[in-house]
Ligand code: ZN
Ligand code: FE
């Protein structure tokens, strides 16, 4: 049985850990020290690192961890020239195996052009880096809003009971924005209350459930007629309306 734990690092990043017996794989270790501390405290050996994209808050700990544990580093082939120490280059539709569990690689450009997500079908788990956040999505550093909308639309088509492990604890802030454009959405208000309570008692808001994201995350609702109407943008295409929401959030 694979267990998943999340190690908080920096101010609001998570390094998600897949654990099987004494073996461990981590996703996006932006810093080595807290990961080493966790592995040591739990008597775990690091065998694998999965990387979603080249930003430093996701790869900053990779070299140190590789040096200490000799682990295998898997990451996007697109970023082979911007990430050191990659051992396995993967791209769209590739399959990898972690402790007997198969993950499919999904190329999801938008936040960066090389960004990939890892979808573990059998354990209904998605590691989506900075593409999809709970109640938000990544900033468009490299891709266009069309690309990001297409990427998010693909994630939306995964089974609704998929657990969404994003890399950042941005949920409360994202909810403030979501409520600013959808103030009368009862389910959104209730969800915001729930997350506020969780955060007040120091619980993580991650993972979230894809079904909840599809229902309430405004960035996944760029095809919603009612949301378009509410914002007076009924003539925009879904991708352009997504771009519009992204702009509003950038200036929020
Ligand atoms: Zn990033
Ligand atoms: Fe990040």
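Please give the length that would be gained between residue 122 and residue 101 if that part of the chain were fully extended, namely 0.36 nm times their separation in residues minus their C-alpha to C-alpha distance (nm, one decimal).
Details: separation 21, 0.36 × 21 = 7.56 nm, distance 0.72 nm.
Working it through step by step, the gained length comes to 6.8 nm.
How long are the semi-axes of the equivalent ellipsoid of the chain, defined as square roots of 5 times the Cα gyration tensor eigenvalues? Whole Å, largest first.
On the way: eigenvalues 195, 78, 48 Å².
For the chain, the ellipsoid semi-axes come out as 31, 20, 15 Å.
Rounded to the nearest 500 deg cm²/dmol, what is the calculated helix-only ellipticity per residue at 222 nm for the chain, with -39500 (n - 2.57) per DSSP H run of length n ≥ 4?
Calculated mean residue ellipticity at 222 nm is -9500 deg cm²/dmol.
Taking 0.36 nm per intervening residue step and subtracting the Cα-Cα distance, what contour gain separates residue 209 from residue 252 on full extension? Numbers along the way, then the final one.
Values: separation 43, 0.36 × 43 = 15.48 nm, distance 2.52 nm.
Length gained, residue 209 through residue 252: 13.0 nm.
Using a Gaussian network model on the chain with a 10 Å cutoff between Cα atoms, which of 66, 225, 163 fluctuates the most?
Its mean-square fluctuation being the largest, the pick is 225.
Which one of 38, 165, 118 has the biggest mean-square fluctuation once the chain is modelled by GNM with Cα springs under 10 Å?
For the chain, modelled as a Gaussian network with Cα springs under 10 Å, the answer is 38.
Counting only DSSP beta bridges with both residues in the chain, tell me the antiparallel percent, nearest 5.
Given both bridge residues lie in the chain, the antiparallel proportion sits at roughly 65 percent.
Say each of residue 92 and residue 45 gets a label point 7 Å from the Cα, pointing the same way as Cα to Cβ; how far apart are those two points in nm?
3.8
Anyone know which of 200, 23, 161 comes out most mobile in the 10 Å Cα GNM of the chain?
So, out of 200, 23, 161, the one fluctuating most is 200.
Starting from the Cα of residue 67, step 7 Å along the direction of its Cβ; do the same at residue 240; then give the gap between the two resulting points in nm.
Result for the modelled spin labels: 5.2 nm.
Please provide three numbers in whole Å: the alpha-carbon extents of the stretch 145-199 along the principal axes, with the largest listed first.
31, 23, 20
Coordinate-derived values only; no laboratory data. Please read all numbers here as calculations on a predicted model, not as lab measurements. As a convention, Cβ positions derive from the backbone with ideal geometry for all residues, glycine included, and neighbour counts pool all protein chains shown.
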